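Report on the structure given below.
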Amino acid sequence: MANFKKLIKDIFAFKEPKPQEEFILKEKESEKIDDVSNKNEKSPVKEKKGFIRSLFTRSSNDEKDSGSSDKKNNKLEKMVYVSKDITENIDYLKKRFSIPTNGDIVLREFDILVKDKTISACLIFYDGMVNGMLINLNILQPLMLLSNLDIKDKGTENKNISEYIHKNLVTHNQVKVSREFDEIIDEINFGGCGVFVDGIDIAYACDVKGWQHRSVDRPNNEIVIRGPQESFNEVLRVNTALIRKILKDEDLVAESVSIGERSKTPCSMLYIKDIANDSLVNEVRRRLENIKTDYIFDTGELEQYIEDNTIMPTPQIIATERPDRVASMLTEGKVAVIMSGSPFALVMPTTNNDFLQSAEDAYVRFPYANLLRVMRVIAIFMSLLLPGLYVAITNFHHEMIPTDLLFAIEASRERVPFPSVVEIIIMEFAFELIREAGLRVPSPIGPTLGIIGALILGQAAVAANIVSPILIIVVAVTGIGSFAIPNFSLGFSFRILRFVYVFLAAIAGFLGITFGLFVQSIYLCNAKSFGVPFMAPFGPKTNSGYEDQFFRAPIWKQENRPDFLNTKDTKKQPKISRQWAKSDKKRGK
Amino acid sequence: MGSKAKKPFIVIVAFVMCLSMTGCFDKREVDDLVNPIAIGFDKGEGNSIRMTLQIAIPTKVAGGGDGGGGGGGGESVSFTTVEAPSIYSGLNMINTYVSKQLNMSQIKVVVFSEELAREGIEKYINALIRGREFRPNSYMLVARGTGNVAERYLRAVEPELESNPAKYYEMVLSAYRYTGFSANTSIINFYKNMVSESTQPLAVLADISQFENSDDINTDNSTYREKGRDYPLEGDFKAGDMPKVGTIKSEIMGLAVFNGSKMVGEFDGEETQLQLMLEGNFGYSFVTIPDPLSADNVVPLNIRQNRNPKRKVEIIDGKPNIKVKVFLEADILSIQSGINYESIDKVTILETSAEKFFEKGLMRMLKKTAQELRSDTAGFGKEMKGKFFTWDEWTDFKWIEKYPDSKFEVEVDFKIRRPGLMLRTNPATGTEEGEQ
């Protein structure tokens, strides 16, 4: 009985929970001290800067300070040069690469037999990042087995071992010889194989990159019907090769730049040296070299680091996954940046018209290209202004609508309880929701989402009198229009601005929309992309180079490069590019 | 964000806040408004007017929110009549009992009763032109008869081909382009001509059909006798007198002629066509002319005006001397008599006959405007205006007063272009008895 009573009591009575050891990420010692000192010493200075800004600046400073101090603590002595003693090198490598904690680093020790002499050596590389066969055949095999061969070279006696190994033994095409440890380690980090040999104070870094990557694929986002069907992948050298394959021009320079203090992401800056303006190239190089950050992964991040204006909705650098597009823009005198690990190349400078063009425009015939251009501009205006215009007309300018349409709108809105602004914001939001969810949804569920989106939001919302059917048409046309915009980023900017225009239209009708267009055009005319006015060649006007701007002239009429790029070579082709069109007699033959 | 970016940001915020201050000031949702599509004015007690609004019911016109209704159920319009001292006071009164706010921007026609029109409608026209919501291009009608004829006319409008009565007005009043029996008498044109010193305003005549059964049909009110014809042609009628019966009661034909803001007379259908020809606004129309060689038969022609008329005004002995040359082209639609007018030698007979026909008609019509109506409807003053150096000289000339003394010279250039699909009329073959 007592037991039962206790059981009941155990169930219902309050018991103090047992103390449980939980993991807590504790503040660093240095931070705590810093906090106190900051409050006492630096507070008067910081108040001047403003509260919000001080929040950002202080924390970042702290971490940097403490981070660097940690680094110093961890690395007691840093070897700058490769030592002659291999054990010293091996010890340092083990420490540097955290062997054996680090699982995927391979440190292979072996012996080289040269003229009855045994020299110990070691290989170091990351498993999975290298091509194992290459190491076996081209590095280990000659060093371990073929070193004994009698090499018929008279000068052999005079050479020292290091040169002998480099010149005669390692049968690999890309070998870097260096005395500096950091240089070798950078190579190892990027899929290289480090070779250290006892008795010499240099090391070899062989390029044996062999990691798994995507093959060159069809473009996913910039699909064309006519034209090349290749797109960039994540490998830098594949990407540069794709461009070189198209351009085949020794004047095309691919300068290497590495960005990120820790990631050291290799980038390639491409330009055609006798076309692109030197100051433009210098400016791009300056911006690329002056990025101080730890890691950078994608050109999407790079774009944000080097663009002129951060808060402007319109992008100022074009990102494309098509090598042919990059190539054609390089021939205009622009500069491209390709980054290892990113399938998108950045091309700069960019003007408004570049965003309205698709790669296909150049490949289809003159009348078709112009039809597409006109369609695109209409699509842009629709996706930008249509919801705003709808709100403006239905709220302020009833006399503008044809009577029949007015009655149709009136009848369809009769039982809708919301004002038309709320109605359109509900629908636009729903549309954005479908778009975002459709992107993130796992592909097996994709069709379900489409059905739910189309059925529930389209049909049922109308049946439930939440929105009017005419509004569904407006939103749908807007959505279709926004997909007709060839550039993803530009489409994004219009998606944002569309809401602004709805807001302005709700406040002041056409007056508000006009105001918005006015401000937007001022903003666009004011913007610059790498020193080139964004609205060039229309605002400011330039002398020539209108052949492929808003409309596209026939290809044989496109003689000049855009004037605003100030290229070294302004002519693309002679005045008469179709020499056959002149009769032989006139040509004087 | 540096201070560089701060400045435009603040400016934008300030602008947006200024805009927001308006607080959607005159924003009105479509479904919070009611749209009258026609307005009629009759004479009320004393100084007041009797105003009739024809209000479209959108759910009936366009089908309900569920879609597909097609406006089948019930009347698509409702009427309300109010007596008020002025247009706007009347609208205010109507707003008290019509649940939604009146929005006049979709008004298609403005109808004045004949009584009101003969008294003068300047004050109403000015009010309509001044009002922001009234469309300047809504049509101006004068309902014939006495009493509340404007209301009677509006209530009689029962469009059958359109679910939307507004569309009925638009279609029926723009039919002058292919009938020539009415004219583009928008309020803005009316106002301009009313205040103009070189021309006089016109309005379309409207009435409801006077015949109930086809047995009642007669042509007693036709104007053919005045013109010295033996039988009426299609243009010899005014609205309400047309020999027709049917479910569509409302009729539009002819023009009301104004002198200043007062109605002084009427044009029948034919005179309206001639008026359009003098203006150069005649599109194309089927016109019947008597057969020159066979008195009992007529020749219907499809007449077009492809060139503007040549108009010339001179002052001889202090009196205006007006010369007009009208250019017309025609296709033959039918030749009742079967005479081979298509042939080169006979076509001139038809052409000269048609020229005579129209010259006679124009002469009669112009003399009527000058002597009977004393109103320059064709706007010959515009030709006169160019002869003066200053505006003051022109206004001092007082053209409107001089016009009734005008002498006219009319010339018609008539060309038959195509005989239609038949190159020759072949007689029907049969035995003598059969033919008789």
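The values are calculated or read from the model by the stated rules, or taken from the named source; none is laboratory data. Everything quoted here is computed from the prediction, not taken from an experiment. In this analysis, Cβ positions are derived from the backbone assuming ideal geometry, glycine residues included, and neighbour counts consider all displayed protein chains.
Does A:Arg365 qualify as being out of contact with any Lys or Arg (no Cβ under 8 Å at 6 or more places or on another chain), more than 9 Å from chain B (Cβ to nearest Cβ) and free of Cβ contacts under 8 Å to residues at least 24 places away in the same chain? Answer is yes for this residue. Step by step: first the residues of region B:161-202, then only those that are away from chain A (no Cβ under 14 Å) and of a type in the set (Lys, Arg), then the one that is nearest to the chain's Cα centre (by Cα). Which residue is that? Selected residue: B:Arg177.
Put simply, of A:Thr514, A:Thr567 the only residue that is at pLDDT 85 or above and under 24 Å from A:Met382 (Cβ atoms) is A:Thr514.
In summary, A:Ala121 fulfils each of the numbered conditions (1) modelled with pLDDT of 85 or more; (2) closer than 19 Å to A:His172 by Cα; (3) not in a strand (DSSP E or B) with the single exception of condition (3).
Here's the yes/no breakdown for (1) more than 35 Å from the chain's Cα centre (by Cα); (2) hydroxyl-bearing (Ser, Thr, Tyr):
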| residue | (1), (2) |
| --- | --- |
| A:Asn89 | yes, no |
| A:Lys94 | no, no |
| A:Ser98 | no, yes |
| A:Thr101 | no, yes |
| A:Ile105 | no, no |
| A:Val114 | yes, no |
| A:Lys117 | yes, no |
| A:Val130 | no, no |
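Every test in (1) part of a loop (DSSP other than H, G, I, E, B); (2) of a type in the set (Val, Ile, Thr); (3) in contact (Cβ under 8 Å) with a residue 24 or more places away in the chain is passed by B:Thr429 save one, and that test is (3).
In region A:506-546, of all residues being within 14 Å of chain B (Cβ to nearest Cβ) and outside any helix (DSSP H, G or I), the one that is surrounded by the most Cβ atoms within 10 Å (Cβ to Cβ) corresponds to A:Ala527. The combined condition, being surrounded by 17 or more Cβ atoms within 10 Å (Cβ to Cβ), in contact (Cβ under 8 Å) with a residue 60 or more places away in the chain and out of contact with any Asp or Glu (no Cβ under 8 Å at 6 or more places or on another chain), is fulfilled by B:Thr185. Of all the residues that make up region A:202-261, how many are of a type in the set (D, E, K, R), over 14 Å from A:Ser340 (Cα atoms) and surrounded by fewer than 14 Cβ atoms within 10 Å (Cβ to Cβ)? Qualifying residue count for the region: 8.
Among the candidates B:Ala239, B:Ala256, the residue that is within 17 Å of B:Ser186 (Cβ to Cβ) and buried (at least 20 other Cβ atoms within 10 Å of the Cβ) is uniquely B:Ala256. Evaluated against (1) within 14 Å of another protein chain (Cβ to nearest Cβ); (2) within 30 Å of A:Ile318 (Cβ to Cβ); (3) buried (at least 18 other Cβ atoms within 10 Å of the Cβ), A:Phe499 falls short on exactly one condition, (3).
Could you go through region A:416-427 and let me know if any residue there is assigned to a helix (DSSP H, G or I), buried (at least 22 other Cβ atoms within 10 Å of the Cβ), within 9 Å of chain B (Cβ to nearest Cβ) and of a type in the set (Asp, Glu). Looking for residues that are assigned to a helix (DSSP H, G or I), buried (at least 22 other Cβ atoms within 10 Å of the Cβ), within 9 Å of chain B (Cβ to nearest Cβ) and of a type in the set (Asp, Glu), one finds none in region A:416-427, hence no. Taking A:Val377, is it assigned to a helix (DSSP H, G or I), in contact (Cβ under 8 Å) with a residue 12 or more places away in the chain and within 14 Å of chain B (Cβ to nearest Cβ)? No: the conditions fail for A:Val377. Of the residues in region B:95-111, at least one is more than 14 Å from chain A (Cβ to nearest Cβ), over 30 Å from A:Asn395 (Cβ atoms) and at pLDDT 90 or above. Applying the set (1) at positive phi; (2) not in a loop (DSSP other than H, G, I, E, B) to A:Trp556 leaves exactly one unmet item: (1). Here is the figure for region B:76-127: residues that are closer than 26 Å to A:Ile401 by Cα, aliphatic (A, V, I, L, M) and touching a helix residue (DSSP H, G or I) at 6+ places or on another chain (Cβ under 8 Å) total 10. Could we say that A:Ile507 is closer than 17 Å to B:Cys18 by Cα and either at pLDDT below 90 or within 27 Å of the chain's Cα centre (by Cα) (or both) here? Yes; evaluated as a whole, the condition is true for this residue. Tell me, yes or no, whether region A:570-587 has at least one residue that is in a strand (DSSP E or B) and among the aromatic types (Phe, Trp, Tyr). No, that holds for no residue.
Scanning region A:262-296 for residues that are surrounded by 16 or more Cβ atoms within 10 Å (Cβ to Cβ) and of a type in the set (Ser, Thr, Tyr) yields A:Ser263, A:Thr265, A:Ser268, A:Tyr271. Checking each residue in region A:241-263 for being under 26 Å from A:Asp308 (Cβ atoms), touching a residue at least 60 places away in the same chain (Cβ under 8 Å) and out of contact with any helix residue (DSSP H, G or I) (no Cβ under 6 Å at 6 or more places or on another chain) picks out A:Leu252, A:Ile259. Here B:Glu158 clears all of (1) under 17 Å from the mean Cα position of the chain (by Cα); (2) surrounded by fewer than 16 Cβ atoms within 10 Å (Cβ to Cβ); (3) more than 14 Å from chain A (Cβ to nearest Cβ) except the condition numbered (1).
Condition check ((1) under 26 Å from B:Ser186 (Cβ atoms); (2) within 8 Å of another protein chain (Cβ to nearest Cβ); (3) surrounded by fewer than 18 Cβ atoms within 10 Å (Cβ to Cβ)) across all residues:
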| site | (1), (2), (3) |
| --- | --- |
| B:Asp32 | no, no, yes |
| B:Gly44 | yes, no, no |
| B:Met51 | yes, no, no |
| B:Ala56 | yes, yes, no |
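Screening the candidates A:Asn309, A:Asn395, A:Asn352 for the property of being within 14 Å of chain B (Cβ to nearest Cβ) and under 24 Å from the mean Cα position of the chain (by Cα) yields one hit, A:Asn309. The single condition among (1) crowded, with 19+ Cβ neighbours inside 10 Å; (2) within 14 Å of chain B (Cβ to nearest Cβ); (3) at pLDDT below 85 that A:Ala460 does not meet is (1). Inside region B:142-162, residues that are touching a Phe, Trp or Tyr at 6+ places or on another chain (Cβ under 6 Å) and β-branched (Val, Ile, Thr) make up a count of 1.
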